[in-house]
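Okay, so here's the structure we're looking at.
The values are calculated or read from the model by the stated rules, or taken from the named source; none is laboratory data. Since the structure is predicted, the reported quantities are computational estimates derived from the model, not experimental observations. Cβ: placed from backbone, ideal geometry, glycine included. Neighbour counts: every protein chain shown. With ligands, DNA and RNA removed, areas are computed over all heavy atoms of the protein, side chains included. Shrake-Rupley method; radii C 1.70, N 1.55, O 1.52, S 1.80 Å.
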Amino acid sequence: MVAEMDGADRKRSNCTKPNSTAREAMVKDGNNKRDPVPERVTLKKEIGLLSACAIIIGNIIGSGIFISPKGVLEHSGSVGLALIMWVLGGGIAALGSLCYAELGVTIPKSGGDYSYVTEIFGGLVGFLLLWSAVLIMYPTTLAVIALTFSSYVLQPVFPDCLPPYTATRALSTTCLLFLTWVNCSSVRWATRIQDIFTVGKLLALGLIITVGLVQICKGHYDSLTPQAAFDFWKTPSVGQVALAFLQASFAFSGWNFLNYVTEEVVEPRRNLPRAIYISIPLVTFVYTFTNIAYFTAMSPEELLSSNAVAVTFGEKLLGMFSSIMPISVALSTFGGINGYLFTSSRLCFSGAREGHLPSLLAMIHFKQCTPIPALLVCCAATIVILCIGETQTLINYVSFINYLSYGVTIAGLLFFRWKKPQLHRPIKVNLIVPVLYLIFWAFLLVFSMYSEPVVCGIGLIIILTGVPVYFLGVHWKKKPKCLDSFIESATYVGQKLCFVVFPQIDPMQEEAMPK
């Protein structure tokens, strides 16, 4: 029998029929008695520690490390300050991830930022974050990663020119459809792909680091000596330093994505923080030493003139094996697409479960236990963005909205401490951690509004367009009967097409929710 959706107060339609064939499982209680418990249709806990680390690392390491080095160096004005920006970017990501670790084990619900903000600040604030993420943030990010993938795959076919517009869009769409099918078919398949491609990414970056260390042993480190590293060819202003930090931070985006799938993590109170403690330092180490390796092969001038840093690095040092680099970037972005699909679909699922999106998106396949409707919506929204083609303009809005959501979420941690001081927190970070993060966040937000008022203004408008949608679609309970009938009919048709039902609540998880 289908249980009530967690957090939703909406009236349930009759389109989901009771499961008369559900088997009864036998479990032992504390008195060694056996009680019949009906088998549940629910999200499966199939993400262990290794897969949890792979989700974090796989989402962080996408195209950023192959794109951002040029921007970081350009705004820093010196090699030494550029390397400091990479280490600082990892440090700030570590501060944020520590705060998210506390929130993730205190509010053990999938959905990440959205679920925490909804729990702490209420439905409207949570819906605005969800609205901007589903409408712009994740479809645009997915579209950019997919286009990077197709560009690098097609590069050998079109060596002397840019790949055709139609070819890149067709390949990007094919990749999205394939990975959507994989994620719809099995959580285990999706996590295995993430594991394999994450290892592939680390091996590719490990190759760059190893070649760089060989170069250092040969004495090719002129740009890395203290005198040369801090020889500024231009004096960076505070604004330029902030831009360099933003470029480095872009490469670290995705550090919070494991929180989107908390309910599918095995023993989340143990594995969630462990995965964070392993992954963030590892990525920071890899990023920093990858940039050091770049400077053993290229002077700052050569790096700034390169449109594909990793490809240039391969051409200079790998000779006949230089084709490894574009292949590595393609594999890296392929894994990134899989990771973003996996996690962003859980955001849609969580939003629907709370009553903020159509209830069909809160349903999972009755056998595979995968959120098929949510995955299809994420895929469709990304294809629409691909067809629009103006992804570069949207990236600026995405960055602003992303940082805004981080700050609001971590500010919510402080508010939650004040609101519910007696609540059990398996992890409780020192108050200095969220305060330091919010100081950096406020600085970047103020600078962004000062330097890019149009971009920030449009970003705020995108967020605020969700206000009337919230009051009409969520807050307005007594809708016309004809509208309710249409929604029920559409939900019923969707259920029949996707073979999905509402997931049932795990009693252990229900008890763990904050009261």
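In the set (1) surrounded by 12 or more Cβ atoms within 10 Å (Cβ to Cβ); (2) among the β-branched types (V, I, T); (3) within 28 Å of the chain's Cα centre (by Cα), the condition left unmet by I432 is number (1). Going by the structure shown, is F252 surrounded by fewer than 20 Cβ atoms within 10 Å (Cβ to Cβ), touching a residue at least 12 places away in the same chain (Cβ under 8 Å) and on the phi < 0 side of the Ramachandran plot? Judged against the criteria, F252 is not a match. Considering K44, K33, the condition of being touching a Cys at 6+ places or on another chain (Cβ under 8 Å) and modelled with pLDDT under 80 is satisfied by K44 alone. The C-beta contact set for segment 168-196 (first residue in contact (Cβ under 8 Å) with a residue 60 or more places away in the chain, second residue outside any helix (DSSP H, G or I) and of a type in the set (V, I, T), distance under 9 angstrom, 6+ apart or interchain) comprises N183/T370; C184/T370; S185/T370; S186/T370; V187/I47; V187/T370; A190/T370; T191/I47.
On inspection, S322 passes the criterion of being of a type in the set (S, T, N, Q), modelled with pLDDT under 80 and closer than 21 Å to L213 by Cβ.
Before we move on, is N338 within 18 Å of the chain's Cα centre (by Cα) and in a helix (DSSP H, G or I)?
On the way: within 18 Å of the chain's Cα centre (by Cα): yes; in a helix (DSSP H, G or I): yes.
Here the answer is yes, as N338 does meet what is asked.
Given the condition out of contact with any helix residue (DSSP H, G or I) (no Cβ under 9 Å at 6 or more places or on another chain) and either part of a loop (DSSP other than H, G, I, E, B) or more than 23 Å from V182 (Cα to Cα) (or both), answer yes or no: does some residue in segment 313-330 qualify? Yes.
Could you tell me whether I324 is open to solvent by 50 Å² or more (accessible area, probe 1.4 Å), within 29 Å of L202 (Cα to Cα) and in contact (Cβ under 8 Å) with a residue 24 or more places away in the chain? So I324 passes the test. Within segment 135-172, restricting attention to residues that are out of contact with any Lys or Arg (no Cβ under 8 Å at 6 or more places or on another chain), closer than 18 Å to V329 by Cα and of a type in the set (S, T, N, Q), the residue that is modelled with the lowest pLDDT is Q155.
Of Q368, Q392, which residue is modelled with pLDDT under 85, under 29 Å from A442 (Cα atoms) and touching a helix residue (DSSP H, G or I) at 6+ places or on another chain (Cβ under 9 Å)?
On the way: Q368 fails: under 29 Å from A442 (Cα atoms).
None of the other options fit; the residue is Q392.
Residue pairs whose Cβ atoms lie under 9 Å apart, separated by 6 or more positions or on different chains, with the first residue in segment 468-487 and at pLDDT 85 or above and the second among the hydroxyl-bearing types (S, T, Y) and in a helix (DSSP H, G or I), are I487/S359.
If you go through segment 194-240 and pick out every residue that is surrounded by 16 or more Cβ atoms within 10 Å (Cβ to Cβ) and small (G, A, S), you end up with 6. When I439, I364, I432 are screened for being of a type outside the set (S, T, N, Q) and in contact (Cβ under 8 Å) with a residue 40 or more places away in the chain, only I364 passes. The selection criterion, being assigned to a helix (DSSP H, G or I), modelled with pLDDT of 85 or more and under 30 Å from A374 (Cα atoms), holds for A52.
So is A381 open to solvent by 20 Å² or more (accessible area, probe 1.4 Å) and at pLDDT 90 or above or not?
Numbers: open to solvent by 20 Å² or more (accessible area, probe 1.4 Å): yes; at pLDDT 90 or above: yes.
In short, yes.
The residues of segment 206-254 that are closer than 30 Å to G111 by Cα and either at pLDDT 85 or above or touching an Asp or Glu at 6+ places or on another chain (Cβ under 6 Å) (or both) amount to a single one, F252.
Confirm whether L375 is over 18 Å from the mean Cα position of the chain (by Cα) and either crowded, with 23+ Cβ neighbours inside 10 Å or in a helix (DSSP H, G or I) (or both).
Details: over 18 Å from the mean Cα position of the chain (by Cα): no; either crowded, with 23+ Cβ neighbours inside 10 Å or in a helix (DSSP H, G or I) (or both): yes.
Spelling it out, it is not the case that L375 is over 18 Å from the mean Cα position of the chain (by Cα) and either crowded, with 23+ Cβ neighbours inside 10 Å or in a helix (DSSP H, G or I) (or both).
Inclusion of K428 among residues that are farther than 27 Å from L272 by Cβ and not aromatic (F, W, Y) is not warranted.
Condition first: in a helix (DSSP H, G or I) and closer than 30 Å to R274 by Cβ. Can you find one or more residues in segment 218-236 that meet it? Let's see the steps before the verdict.
Keep residues of segment 218-236 that are in a helix (DSSP H, G or I), which gives 222-224, 226-229.
If we keep only those that are closer than 30 Å to R274 by Cβ as well, we get none.
No: zero hits.
Please verify whether L347 is within 19 Å of the chain's Cα centre (by Cα), crowded, with 24+ Cβ neighbours inside 10 Å and either in a strand (DSSP E or B) or not acidic (D, E) (or both), treating the condition exactly as stated. Yes.
Which residue out of T106, T141, T148 is hydroxyl-bearing (S, T, Y), touching a Phe, Trp or Tyr at 6+ places or on another chain (Cβ under 9 Å) and under 30 Å from S237 (Cβ atoms)? Step through it out loud before you land on a result.
Values: T106 fails: under 30 Å from S237 (Cβ atoms); T148 fails: under 30 Å from S237 (Cβ atoms).
Within the list T106, T141, T148, the selection yields T141.
Looking at segment 441-458, which of the residues that are of a type in the set (F, W, Y) and more than 13 Å from I401 (Cα to Cα) is least open to solvent (accessible area, probe 1.4 Å)? Don't jump to the end; show me each part of the working.
As a first pass, look at segment 441-458 and keep what is of a type in the set (F, W, Y): 441, 443, 447, 450.
Filter once more, keeping what is more than 13 Å from I401 (Cα to Cα): 443, 447, 450.
Numbers: F443: 93, F447: 33, Y450: 185 Å².
Ranking the qualifying residues of segment 441-458, first place goes to F447.
Output the residue which, of all residues in segment 266-302 that are outside any helix (DSSP H, G or I) and open to solvent by 20 Å² or more (accessible area, probe 1.4 Å), is nearest to I47 (Cα to Cα).
That would be V266.
For segment 109-126, the candidate set comprises residues that are touching a Phe, Trp or Tyr at 6+ places or on another chain (Cβ under 7 Å) and farther than 23 Å from F342 by Cβ; within that set, the residue that is surrounded by the most Cβ atoms within 10 Å (Cβ to Cβ) is I120.
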